[in-house]
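Engineer: Got a structure here, written out as structure tokens. Questions coming.
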Amino acid sequence: MESNLLATYYIDKDHPDIIAFSNHACTDQETDTDKAIRLYYAVRDKIRYNPYSIEPAKSAMRASRILKKGEGYCVAKAVLLTACVRSQGIPARLGFADVRNHLNTKKLREMMGSDLFVWHGYAEIYLGGKWVKATPAFNLSLCQNFNVRPLEFDGKSDSIFHPFDTRGNQHMEYVADHGSFSDLPWEEIMTAVLREYPRYFEILDRKTGDFSAEALAENK
């Protein structure tokens, strides 16, 4: 369990900004479960989900850097949540899976050339004697723009993407599990991203967009 409490290059839980953000979110919370719940919602809704924010640089994936930017994609937000939880002395680690029919827009599909999202990331938090999955990726306003239910977290049950949207249409499928990690396997993730989406960074260099606005326009 010790490895899931330590600070690392990416999960820099002892950074002053991480500590301040976490302590503020956990004000007046006494139990580990209550603290984890507060941190989940703080990361989910205060850090904007942005799939155009992936950078091929290790420094971009440090929790403190993600917090400062105020945005990130699923892996980045999972790293931040893990760091925040560890800063409160609660064991946390990272989990990864490949998912299909992930929330998407026309522009992002063109950049990726696929509906398969490899190495989708989430956090796993040790609460009540067991590991509980927590997926803080999609902020509330983004879910509303996509007409999907926002993921809630009660500290007892796994919080993973729902297979159906608010209209009853299937929109998410987990197709492969990569397991759990005490630190971010960044090189492995980037190798997979570059292999599966060779055009992503080429197009990203020329033009970025507002993912939330795209979702609203396409799901009116």
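The values are calculated or read from the model by the stated rules, or taken from the named source; none is laboratory data. All figures in this text were calculated on a predicted structure; none of them were measured in a lab. Heads up, the Cβs are rebuilt from the backbone with ideal geometry, glycines too, and the neighbour counts pull from every protein chain shown.
Engineer: Pairs, please: C-beta under 9 Å, at least 6 apart or cross-chain, first residue surrounded by 13 or more Cβ atoms within 10 Å (Cβ to Cβ) and in the range 186-200, second of a type in the set (Ser, Thr, Tyr) and part of a helix (DSSP H, G or I)?
Structural biologist: These pairs meet every condition: Val193/Tyr200.
Engineer: Collect the residues in the range 47-75 that are assigned to a helix (DSSP H, G or I) and touching a residue at least 40 places away in the same chain (Cβ under 8 Å), keeping them in residue-number order.
Structural biologist: Hits for the range 47-75 are Lys58, Met61, Ala63, Ser64, Leu67, Lys68, Cys74, Val75.
Engineer: Next up: So in the range 41-82, with the set limited to residues that are closer than 23 Å to Asn104 by Cβ and of a type in the set (Gly, Ala, Ser), which one is farthest from the chain's Cα centre (by Cα)?
Structural biologist: By that ranking, first place goes to Ala60.
Engineer: Still on this model: Pairs please, first residue from the range 107-131 and modelled with pLDDT under 85, second anywhere and of a type in the set (Gly, Ala, Ser), Cβ atoms under 7 Å, 6+ apart in sequence or on different chains.
Structural biologist: Lys107/Gly209
Engineer: Okay, moving on. If you take the residues of the range 77-109 that are touching a Leu at 6+ places or on another chain (Cβ under 8 Å) and among the basic types (Lys, Arg), which of them is farthest from Glu218 (Cα to Cα)?
Structural biologist: Ranking the candidates gives Arg86 first.
Engineer: Here is a further query. Look through the range 191-209, keep the residues that are touching a helix residue (DSSP H, G or I) at 6+ places or on another chain (Cβ under 9 Å) and at pLDDT 80 or above, and return whichever of them is farthest from Leu80 (Cα to Cα).
Structural biologist: Filtering first and then ranking leaves Arg199.
Engineer: Say we look at the range 133-178 and pick out the residues that are more than 15 Å from the chain's Cα centre (by Cα), of a type in the set (A, V, I, L, M) and assigned to a strand (DSSP E or B); which of these is modelled with the highest pLDDT?
Structural biologist: Applying the filter and picking the extreme gives Ala176.
Engineer: Right, next: Residues of the range 41-64 being β-branched (Val, Ile, Thr) and under 16 Å from Thr82 (Cα atoms), which ones?
Structural biologist: Val43, Ile47
Engineer: On the basis of being closer than 22 Å to Asp210 by Cβ and either surrounded by 16 or more Cβ atoms within 10 Å (Cβ to Cβ) or touching a His at 6+ places or on another chain (Cβ under 8 Å) (or both), does Val75 make the cut?
Structural biologist: Judged against the criteria, Val75 is a match.
For (1) within 16 Å of Pro136 (Cβ to Cβ); (2) buried (at least 22 other Cβ atoms within 10 Å of the Cβ), each residue gets a yes or a no:
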{"site": "Met1", "(1), (2)": "no, no"}
{"site": "Ile11", "(1), (2)": "yes, yes"}
{"site": "His15", "(1), (2)": "no, no"}
{"site": "Thr27", "(1), (2)": "no, no"}
{"site": "Asp32", "(1), (2)": "no, no"}
{"site": "Tyr41", "(1), (2)": "yes, no"}
{"site": "Lys46", "(1), (2)": "yes, no"}
